[in-house]
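The next block holds one structure in the form of structure tokens; read it before the comments.
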Amino acid sequence: MDLSFKEVVLKTFAEKFGEGSNEGVKCYFAPGRVNLIGEHTDYNGGHVFPCALTIGSFAAARKRSDRKLRFYSVNLDKSGVIETSLDDFKPLKEDSWISYPKGVMWAFEKRGFSMDTGLDIVIYGNIPNGSGLSSSASIEVLTGFILRDLYGFDVSGVDLAVIGQDAENNYCGMNCGIMDQFASAMGKEDNAIFLDCATLKYEYAPVVLNGMKLVVTNTNKKHKLVGSAYNDRRNECEKAREILAGVAGIRELGELSNEDFEKYKDAIKDPVVLKRAKHAVYENNRTLVAVEALKNGDIEEFGKLMNASHVSLRDDFEVTCEELDILAEEAWKIPGVLGSRMTGGGFGGCTVSIVKDEAIPEFKKQVGEAYKAKVGYDCTFYEVSIGDGPSVI
């Protein structure tokens with residue numbers, strides 16, 4: 001981990017809040033995530049397969065003696081110091097990045113974990129904004145971890161994920177599933193997390209990429225999911241779930257096999273809702289097969305399933321965009337790329353690819369040139385490592 005981030009948050013804290021001293025200040029980190037397969041399955045009671053990254057959000061924090069809350073983001077320095085208080089929580093009304101940490105504080109309070117005093121906090125992230133690598137979940141888990149540490153709240157890592165999701169759903173107004181917060185809160189180095197989103201049962205699966213790397217490619221097209229088509233997709237899936245619950249006796253779309261879906265699908269009359277449900281079911285079952293392939297060391301099969309995931313997200317769920325499709329489709333042309341797909345909510349953000357080491361230069365050259373020729377601006381490549389969950393640094 002790059003200690004310079006710790007140095008930056010400490011230096012900034014001294015400048016903004018130090019008042020002559022950084023005594024009592026502690027530093028923290030919580031990771032972003034990338035999902036290897038299983039997209040838009042988490043809120044359908046299905047399975048996902050994300051991993052935490054070694055990039056994420058850093059913070060310096062210290063308790064106050066009054067009820068003030070003061071926030072500062074190194075990334076959003078033009079916003080300056082934002083001051084509020086423990087007596088001023090307004091769900092769905094905040095119009096600022098501080099809605100993420102404040103939402104977590106609100107969700108803790110709702111559960112009976114009251115902060116006895118306020119807090120000064122400086123946050124600095126190295127996840128590109130709008131990249132779909134879960135900067136928001138990283139900040140939520142980071143905040144929860146800070147509160148657990150500084151205030152002695154008795155909560156588990158799974159609790160941190162649930163609280164973070166509650167904050168994003170009910171304070172920020174983003175109807176996300178549990179995956180992003182769970183991956184950040186429960187990350188384990190060199191392992192992905194095979195998570196059943198209906199039960200929160202999980203297992204770690206080693207990701208052994210001998211002679212290969214995970215490469216995340218950022219479209220550099222910003223996406224804003226709150227108030228966008230994301231919530232529409234959830235509503236469409238909910239309509240399908242209600243219909244299929246009546247004919248197939250299910251509680252969640254993630255309970256259906258592909259064969260079950262084909263048997264009952266004619267009950268869904270709306271062609272758009274039908275496509276959304278097909279993706280949710282097929283993607284969940286694709287994820288089950290993909291994890292088994294990885295456990296068996298069959299990275300090539302895993303890669304093929306990644307490609308199929310992208311096609312389903314493009315054609316049935318319709319959450320890709322021209323930029324994501326170009327990145328994936330250009331990657332598929334290159335020998336040495338085992339699989340490539342969009343990752344995250346969609347409508348922008350990133351692809352994730354498994355690329356043989358010797359093919360990485362050609363991958364970056366060919367994909368980068370084709371992308372710029374078609375879109376008019378550059379994409380950005382990150383060779384990423386799988387890291388641990390939140391920590392004191």
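The values are calculated or read from the model by the stated rules, or taken from the named source; none is laboratory data. Note that the structure is a prediction, hence the values are computed from the model and not measured. All Cβ positions, glycine included, derive from the backbone under ideal geometry; neighbour counts span all protein chains shown.
Mind checking whether some residue in the stretch 266-287 is at pLDDT 95 or above, crowded, with 17+ Cβ neighbours inside 10 Å and outside any helix (DSSP H, G or I)?
Yes: one or more hits.
Please state which one of S73, S136 is under 16 Å from the mean Cα position of the chain (by Cα), buried (at least 20 other Cβ atoms within 10 Å of the Cβ) and of a type outside the set (A, V, I, L, M, F, W, C). Before the answer, list the steps.
On the way: S73 fails: under 16 Å from the mean Cα position of the chain (by Cα).
Only one candidate passes the filter, namely S136.
Yes/no matrix, rows are residues, columns are (1) outside any strand (DSSP E or B); (2) in contact with a Gly (Cβ under 8 Å, 6 or more places away or on another chain); (3) closer than 30 Å to I178 by Cβ:
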| site | (1), (2), (3) |
| --- | --- |
| K6 | yes, no, yes |
| L10 | yes, no, no |
| F13 | yes, no, no |
| F17 | yes, no, no |
| Y28 | no, no, yes |
| G32 | no, yes, yes |
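Restricting the first residue to the stretch 237-251 and requiring it to be under 20 Å from E39 (Cα atoms), which pairs with a second residue that is part of a helix (DSSP H, G or I) and of a type in the set (S, T, N, Q) meet a Cβ separation below 6 Å and a spacing of at least six or different chains?
C237/N44
Scan (1) in contact with a Ser or Thr (Cβ under 7 Å, 6 or more places away or on another chain); (2) under 11 Å from L36 (Cα atoms); (3) in a helix (DSSP H, G or I) for the single condition L324 breaks and write down its number.
Of (1) in contact with a Ser or Thr (Cβ under 7 Å, 6 or more places away or on another chain); (2) under 11 Å from L36 (Cα atoms); (3) in a helix (DSSP H, G or I), only one is false for L324: (2).
In the stretch 190-208, how many residues are under 16 Å from V34 (Cβ atoms) and either modelled with pLDDT of 95 or more or touching a Phe, Trp or Tyr at 6+ places or on another chain (Cβ under 7 Å) (or both)?
7
Could you give me the residue pairs with C-beta distances under 6 Å whose first residue belongs to the stretch 281-302 and is under 19 Å from I250 (Cα atoms), whose second residue is not in a helix (DSSP H, G or I) wherever it lies, and which are 6+ apart or on separate chains?
V281/L256; E283/T41; N284/T41; N284/G46; N284/H47
Name the pairs: first residue in the stretch 371-393 and under 19 Å from Q181 (Cα atoms), second residue among the charged types (D, E, K, R), Cβ to Cβ under 6 Å, at least 6 apart or on different chains?
If the second residue must be among the charged types (D, E, K, R), the pairs left are I386/D190; G387/E189; D388/E189.
Going by what's in this entry, would S85 be described as surrounded by fewer than 18 Cβ atoms within 10 Å (Cβ to Cβ), touching a Leu at 6+ places or on another chain (Cβ under 7 Å), at negative phi and of a type in the set (S, T, Y)? Before the answer, list the steps.
Numbers: surrounded by fewer than 18 Cβ atoms within 10 Å (Cβ to Cβ): yes; touching a Leu at 6+ places or on another chain (Cβ under 7 Å): yes; at negative phi: yes; of a type in the set (S, T, Y): yes.
Spelling it out, S85 is indeed surrounded by fewer than 18 Cβ atoms within 10 Å (Cβ to Cβ), touching a Leu at 6+ places or on another chain (Cβ under 7 Å), at negative phi and of a type in the set (S, T, Y).
Take the residues in the stretch 333-360 that are free of Cβ contacts under 8 Å to residues at least 60 places away in the same chain and assigned to a loop (DSSP other than H, G, I, E, B); name whichever of them is nearest to A229 (Cα to Cα).
K333
When you go through (1) modelled with pLDDT of 95 or more; (2) crowded, with 18+ Cβ neighbours inside 10 Å one by one for S131, which number turns out not to apply?
(1)
If a residue has to be assigned to a helix (DSSP H, G or I), under 19 Å from N218 (Cα atoms) and among the hydroxyl-bearing types (S, T, Y) to count, how many in the stretch 291-321 make the cut?
Looking only at that region, the number is 1.
Restricting to the stretch 140-194, and then to whatever is part of a helix (DSSP H, G or I) and among the aromatic types (F, W, Y), can you tell me which residue is surrounded by the fewest Cβ atoms within 10 Å (Cβ to Cβ)?
Let us first name the residues in the stretch 140-194 that are part of a helix (DSSP H, G or I), namely 140-151, 157-170, 179-186.
If we keep only those that are among the aromatic types (F, W, Y) too, we end up with 145, 151, 182.
Numbers: F145: 25, Y151: 15, F182: 30.
The extreme case among them is Y151.
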